[in-house]
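The values are calculated or read from the model by the stated rules, or taken from the named source; none is laboratory data. In this text the structure is predicted, and so the values were computed from the model without any measurement. All Cβ positions, even for glycine, are placed from backbone atoms using ideal geometry, and neighbour counts span all protein chains on display. Remember, those area values only see protein heavy atoms, side chains included, never the ligands or the DNA or RNA. Shrake-Rupley method; radii C 1.70, N 1.55, O 1.52, S 1.80 Å.
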Amino acid sequence: MTKDDLASPDTLRDAYAPLDAPIIALHRGADLAELLDLLTGRTTVLIGQSGVGKSTLVNALVPLAERATGVVNDVTGRGRHTSTSVAALALPGSGWIIDTPGVRSFGLAHVEVPRIIAAFEDLQPGTAECPRGCTHLEPECGIDDYVESGAAGPAGPQRLASLRRLLAALGDDAQERFGH
Ligand SMILES: Nc1nc2c(ncn2[C@@H]2O[C@H](COP(=O)(O)OP(=O)(O)OP(=O)(O)O)[C@@H](O)[C@H]2O)c(=O)[nH]1
Ligand SMILES: [Mg+2]
Ligand SMILES: [Zn+2]
């Protein structure tokens with residue numbers, strides 16, 4: 001998480017805590033030792049909206065990177081899509097860090113439901129008990145029992161809520177696009 005000088009990272013930390021993934025909050029000029037430790041020997045992609053500080057971070061990690069950085073609009077708080085290309089830069093130890101242009105928009109209309117479910121590996125086994133043609137939004141959905149049994153792990157309830165938000169958004173996207 002970048003820019004922890006501007007806001008507390010606690011809300012996001014809490015939201016992601018059930019995933020048990022390492023979270024590092026930092027700001028320009030922060031000590032990067034802990035982060036470098038995680039990145040070394042791996043290939044890492046920085047993804048985020050324009051202006052969140054991806055290129056600034058890459059420049060701090062790779063002294064010769066010289067990635068251009070832009071300013072954030074004072075009114076909208078949005079970046080200006082400064083980075084327009086993807087670049088992979090070698091980390092000082094070993095491994096790569098990949099800087100990408102800011103995400104411009106996020107849409108699901110082109111994504112099929114099975115692909116979304118497949119991305120939730122921890123929940124997918126629960127679909128074995130689903131009725132035929134289950135949309136996974138109805139009360140008979142088998143994933144509910146699966147999560148309740150604890151088989152999906154402690155993050156199960158939050159993961160299922162997240163899956164259902166995506167499925168619901170997919171419905172909205174399709175409605176906007178095709179008008180039914
Ligand atoms: N306050 C604060 N500002 C930061 C920090 N990191 C970066 N910035 C500023 O945020 C602005 C955008 O930074 P960039 O590194 O260009 O952001 P980006 O994510 O690469 O943006 P795109 O290339 O447009 O996707 C610049 O003005 C940076 O100086 C930080 O930790 N704290
Ligand atoms: Mg950038
Ligand atoms: Zn289901």
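Just for the range 104-132: of the residues that are open to solvent by 50 Å² or more (accessible area, probe 1.4 Å) and among the small types (Gly, Ala, Ser), which one is farthest from ALA169 (Cα to Cα)?
By that ranking, first place goes to ALA128.
Does THR135 satisfy the criteria of being of a type in the set (Val, Ile, Thr), in a loop (DSSP other than H, G, I, E, B) and either more than 8 Å from ligand 3 (Cβ to nearest atom) or more than 17 Å from ALA17 (Cα to Cα) (or both)?
Spelling it out, THR135 is indeed of a type in the set (Val, Ile, Thr), in a loop (DSSP other than H, G, I, E, B) and either more than 8 Å from ligand 3 (Cβ to nearest atom) or more than 17 Å from ALA17 (Cα to Cα) (or both).
Output the residue which, of all residues in the range 24-37 that are exposed (fewer than 13 other Cβ atoms within 10 Å of the Cβ) and not charged (D, E, K, R), is nearest to ligand 2 (Cβ to nearest atom).
Only one residue tops the list, namely GLY29.
In the range 64-86, what count of residues is obtained for those that are near ligand 1 (Cβ under 9 Å from one of its atoms) and hydroxyl-bearing (Ser, Thr, Tyr)?
4
If I go through the range 43-100 residue by residue, how many of them are small (Gly, Ala, Ser), within 11 Å of ligand 2 (Cβ to nearest atom) and either under 17 Å from LEU26 (Cα atoms) or not in a loop (DSSP other than H, G, I, E, B) (or both)?
Number satisfying all stated conditions: 5.
Taking the range 65-88, which residues are touching a strand residue (DSSP E or B) at 6+ places or on another chain (Cβ under 8 Å) and either hydroxyl-bearing (Ser, Thr, Tyr) or closer than 16 Å to LEU36 by Cβ (or both)?
At the first step, the residues of the range 65-88 found to be touching a strand residue (DSSP E or B) at 6+ places or on another chain (Cβ under 8 Å) are 65, 67, 78-79, 83, 86-88.
Answer for the range 65-88, where residues must be touching a strand residue (DSSP E or B) at 6+ places or on another chain (Cβ under 8 Å) and either hydroxyl-bearing (Ser, Thr, Tyr) or closer than 16 Å to LEU36 by Cβ (or both): ALA65, SER83.
List every residue pair whose Cβ atoms lie under 8 Å apart, where the two residues are 6 or more positions apart in sequence or sit on different chains, the first residue falls within the range 133-154 and is over 17 Å from GLY171 (Cβ atoms), and the second residue, located anywhere, is loosely packed, with under 13 Cβ neighbours inside 10 Å.
Going by the 8 Å Cβ cut-off, the qualifying pairs are GLU140/PRO131; GLY142/ALA128; GLY142/PRO131.
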